[in-house]
Amino acid sequence: MREVRAGLADVARSAGVSPATASRALSGAGPVSEGARRAVLAAADELHYRPHPVARQLARRSGTRVLFAVRDAHTRILRDPFVARATAAMAAILGPYHIGVSLTRLELECAAELDHLADDRGLTAVILAGHDHELLQHLPAGLRGRTSVIGVGGADVDSAAGVGALLTHLYALGRRRIALVAGPSWLAASVPPVDAYRELTRAAGLPTRIVRGDFTSDRGRVAARSILRRWPDTDAIATVSDATALGVLQALAATGIRVPDDVAVTGFDDAPLAAAVHPALSTATHPVEEVAAAAVRTALGEPPPSTLFPSVPKPRGTCGGSASTA
């Protein structure tokens, strides 16, 4: 059977003190009475308590919160399901150590904002999403060593594999005029799915049809209309977001195009709604919670067990089962 390791809360409960007091007694940082310190150390010894790697890193850090900074052109990014899931996962990890998580949006041109954050003594660490390579090359000195990223170069999901597997599935079903609704061109995480798409179309001799999106349903509707106007013979539309794919489905339905008979559609994220719509949306998994946990550990200086997490395709009704091979 798997061994259950005693946690800080168990030590605090056994010693009859708060978790905060137990943490101070074990780390030697902060005020604690001699009696409480002895009780905590005795409880830790009895329970064979070993500090979690995150706790060890936090004991060496100042500050009271970790900032999840999401860089995007629009404030609506803060309502994105990915952001909500990632923030909740970070809070779950840091909560037992009485470290809070705050959320903010950074403008695309955010040098001044980053300089301000570098001077914030309340910050334990920063987790940055929505970056590009230029931004990472110009991080302020005060943020280096306590900043991790979600996306290319940091904790990430293998979106190229997930999207690529769905594209291969579409091709196997006979789809030969596949368009891609990609992510924003400035975003580093947009590159791998586009590379996977270009590789497939080049290897199979298919036309390349790429329209940029922004992971929203609104943009999915606009992108679908653009695709139908520019390439009316399109028989499949792949996207890099389930929200975008839902917008594509809405636009196709509004024009009387049948899915998947006329046009197949795929998403990415495996959001709960993907299985609830009709026909069910073909998608690929995105382990957001695992990615967020790895980013937290990296920001605190603890090497994560993995930085690239697998994405598994989930073909469903919007892929269909047959299509012309002409």
**Residues residue 218 and residue 84, FRET efficiency given R0 of 25 Å [Cβ-Cβ distance, rounded to 0.05]** = 0.85
**Complete:** One would report the Cα pair-distance distribution of the range 65-155, bin width 10 Å, in %, as 16, 53, 30, 1
**Item:** For residue 149, distant residues with modelled amide H under 5 Å away
**Value:** 128, 155
**Asked** If you count, for each residue, the other Cβ atoms within 10 Å and average over each peptide, how do 88-94, 288-294 line up from highest to lowest?
**Response** 288-294, 88-94
**Request:** Place the peptides 226-232, 185-191, 120-126, 19-25 in order of packing, highest mean first, counting for every residue the other Cβ atoms within 10 Å and averaging per peptide.
**Result:** 19-25, 185-191, 120-126, 226-232
**Fill in**
extent check for the chain: Cα max minus min per principal axis, descending, whole Å, gives 80, 50, 34
**Item:** In Hz, Karplus ³J(HN,Hα) per residue of the range 181-187 (6.51, -1.76, 1.60; θ = phi - 60°; x = Gly, Pro)
**Value:** 9, 8, x, x, 5, 7, 8
**Dipole-positive endmost among 257, 196, 145 within the chain (Cβ charges, Cα centre)** = 257
**Fill in**
Highest mean packing first, using Cβ neighbours within 10 angstrom, the peptides 269-282, 35-48 sort as 269-282, 35-48
**Message:** Please report the antiparallel percentage of the DSSP beta bridges confined to the chain, to the nearest 5.
**Reply:** 5
**Asked** Taking the Cα centre of the chain as the origin and placing charges on Cβ (Lys, Arg +1; Asp, Glu -1), which of 275, 244, 31 is farthest toward the positive end of the dipole?
**Response** 275
**Prompt:** Each residue of the range 37-49 in turn: what ³J(HN,Hα) in whole Hz from Karplus with 6.51, -1.76, 1.60 and θ = phi - 60°, glycine and Pro shown as x?
**Reply:** 4, 5, 5, 5, 5, 5, 5, 4, 5, 5, 8, 6, 5
**Item:** Phi to ³J(HN,Hα) by Karplus 6.51 cos²θ - 1.76 cosθ + 1.60 over the range 231-240, Hz, x for Gly, Pro
**Value:** 9, x, 8, 4, 10, 7, 10, 9, 10, 10
**Complete:** Between residue 68 and residues 5 or more places away or on another chain, the pairs with built amide H atoms under 5 Å apart involve 102, 103, 104, 127
**Request:** Relative to the compact-globule scaling 2.2 N^0.38 Å, provide the ratio for the alpha-carbon radius of gyration of the range 8-51.
**Result:** 0.94
**Distance from the range 250-283 to the range 169-208 (C-alpha centre basis), Å** = 18
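Each reported figure results from applying straightforward, stated rules to the coordinates on display, with no laboratory input. Quick caveat: nothing in here was measured; it's all calculated off a predicted structure. Because the Cβ atoms are built from the backbone with ideal geometry, glycine has one as well, and the counts that use them run over all protein chains shown.
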